[in-house]
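Worksheet: the structure to be examined is printed underneath.
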Amino acid sequence: MSLPETPLAIRSPVRATLALAAVVLLTGIGAGLGGMLLALLLHGIQHLAYGYSQDHLVGHESFLFGVTAAAPERRVCALVLCGLVAGLGWWLLYRFATPLVSVKKAVSDPDARMPALATLGHVLLQIITVALGSPLGREVAPRELGSLIADRLSRGAGLDADTRRLMIACGAGAGLAAVYNVPLGGAVFVLEVLVARFAWREAIMALTTSAIGAAVAWTGLGAEAQYSVPAFVISPGLIAWAVLCGPLFGLAAHGFTRLTGAARARAARGGSLPVLALVNFTLIGCLAIYLPQVLGNGKGPAQLGFDDQLTIALAAVLLLAKLVVTSSSLRAGAEGGLLTPALACGALLAVMLGGGWNLLWPGVPLGAFAIVGAAAFLASSMSMPLTAIVLVVEFTRIDHDFLVPIILAVVGSVCASRLCQRV
C-alpha cells in the first residue's frame, strides 16, 4: 500500500523549498537529457535513411544536404517507410493505448495525467517520422517528454496541484530549450503560451529549468545556433518594408492557422489512417524527386532563405508545396509541431514580398527579409509574439539591431491576425 502524497503546503518551509528546488533541478536535467537523446535519435535515423554523415551524428552536413545528395528512389523509399510507420504506429496508439493528454491539457487541468507509455510512444513516432522526411515539426516531442518527466517528479515530491502544473509547463520549456538550444526562448514560451502569466516565481522556475536543459544538451549536441546567417546591415528600406508588410504576414498566418486547424480537425483516426498515411507520404516522396527541399520540418527552406540562396520563383514553389504537404500530412493522421513549418513559410513568403519590394527600393538582401518575415509569421500563426521574437533571435543569433524591424513586423502581423479572428 502506497503512502499518500504530502502536499507542499503542509510541510515545513525548509523542506518545501528543498523539495521544489530538487524538482526544478531534476526536471531541467531530465528534459535536457531527453531532448538531447531525441535529437541524436533524429540525426541517426536521418543519416541512415538518406546515407549521409554515417560516421557521426552531429556534423556540418545538414538534412537538406543529405536528401539532396540521396538518389531519387531513396527519397521515395524513405517516405514510403515513413507512411508505414506513421499509419500503423498512430493507428495502434489510438486503438490500444491510453488516451493521450496534451501538455496544455496537463497544465490547465490538475486532474489530467499524461500516460507514460502512450506519451513515450507518441514522442518516438513524431521523431521517427520527422527524421524520415515528414514535413511536420519535431518540437512537440521534447516538450511532451519534458512535461512527462516533470509530472512524475512533481507527484513523487508531493508538490501541490498549482506547483505541479507549473512544473509540467517548465518541463515543456526545458525540452524545447534543449533540442533547439534556446534557453531564453524556452522560458518565454512557458510564461507566454503555457501559463500565460509573468510573475517572479514562474519566471525563476522557467528560466532555471530551460537554462539547465539547454546546458545539459550541449554535452551531446554542442552549443551551435540552429541557423547560420550572413552579417546583414539594417537599412531604412528594410524598416519601411517591415512596417508595411507586417500586416500581410498576419493575414497569411491566419490563413495558415485555419488551413492546418481544419486538417487536424478532420485527421484520420480509425481504420483509414494507415492507408491515408501511406498514400500521403508516398506522394510526398514522389514530389521530393523534383523538390527535395519539401522533406523534413522546413529547416532546409528556411536556411536557404536566410542564406539569400532562393529566387522569388523557387520560394513561391516551395511555399505552395510546404503548405500542401503540411496540411495533407495532418489530414492523413500524422502528428507533429508547426513551429518550424511556420518559420519556413514565413521566410519563403518574405523572400517573395522582399523581391517585389526591391523593385521599388533596391538594396536589401532577400535573407534579411526572410528573417524578419519568419518572426512575423511565427508570431501570429502560433499566437506567441514575444516567444517568436526571442526564438528567431536565438535561432539565428542575428545582430541586436535587427530587433527593430522584427518587432515592427511582429506588431503589424499580430494586429492584423487578431483583427481577422474577430471578423
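The values are calculated or read from the model by the stated rules, or taken from the named source; none is laboratory data. Worth saying up front: this structure is predicted, and the values here are computed from it rather than measured. Methodologically, a virtual Cβ is constructed for each residue, glycine included, from the backbone with ideal geometry; neighbour enumeration extends over all protein chains shown.
Data for the structure
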read-out: Given (1) part of a helix (DSSP H, G or I); (2) at pLDDT below 95, index of the condition ALA22 fails; value: (2)
read-out: Residue within segment 315-332 that is assigned by TED's automatic domain parsing to the domain that holds LEU291 and farther than 19 Å from ALA253 by Cα present; value: yes
read-out: Those residues of segment 178-202 which are surrounded by fewer than 18 Cβ atoms within 10 Å (Cβ to Cβ) and not in a helix (DSSP H, G or I), in sequence order; value: ALA196, ARG197, PHE198, ALA199
read-out: Selection status of ARG264, among the basic types (Lys, Arg), closer than 23 Å to GLY336 by Cβ and either surrounded by 24 or more Cβ atoms within 10 Å (Cβ to Cβ) or at pLDDT 95 or above (or both); value: yes
read-out: Scope segment 203-225; condition surrounded by fewer than 19 Cβ atoms within 10 Å (Cβ to Cβ) and at negative phi; matching residues; value: ALA203, ILE204, ALA211, ALA215, TRP218, THR219, GLY220, ALA223, GLU224, ALA225
read-out: Output for segment 386-401, where each listed residue is in contact (Cβ under 8 Å) with a residue 24 or more places away in the chain, surrounded by fewer than 20 Cβ atoms within 10 Å (Cβ to Cβ) and not hydrophobic (A, V, I, L, M, F, W, C); value: ARG397, ASP399, ASP401
read-out: Any hit, segment 137-158, residues being crowded, with 24+ Cβ neighbours inside 10 Å, hydroxyl-bearing (Ser, Thr, Tyr) and in the same structural domain as ALA211 (by TED's automatic domain parsing); value: yes
read-out: Which listed residue is in the same structural domain as ARG152 (by TED's automatic domain parsing), of a type in the set (A, V, I, L, M, F, W, C), in a helix (DSSP H, G or I) and under 30 Å from PRO183 (Cα atoms), from LEU92, LEU41, LEU84; value: LEU41
read-out: Positions within segment 336-349 being more than 12 Å from the chain's Cα centre (by Cα) and either over 15 Å from LEU323 (Cα atoms) or of a type outside the set (A, V, I, L, M) (or both), in sequence order; value: CYS345, GLY346
read-out: Residue within segment 116-126 that is over 23 Å from the mean Cα position of the chain (by Cα) and either surrounded by fewer than 18 Cβ atoms within 10 Å (Cβ to Cβ) or among the hydrophobic types (A, V, I, L, M, F, W, C) (or both) present; value: no
read-out: Selection status of GLY237, surrounded by 22 or more Cβ atoms within 10 Å (Cβ to Cβ) and either in contact with a helix residue (DSSP H, G or I) (Cβ under 9 Å, 6 or more places away or on another chain) or modelled with pLDDT under 95 (or both); value: no
read-out: Where a residue in segment 230-255 is over 16 Å from ILE389 (Cβ atoms) and its partner, wherever it lies, is exposed (fewer than 15 other Cβ atoms within 10 Å of the Cβ) and among the polar types (S, T, N, Q), with Cβ under 9 Å and at least six apart; value: HIS254/GLN421
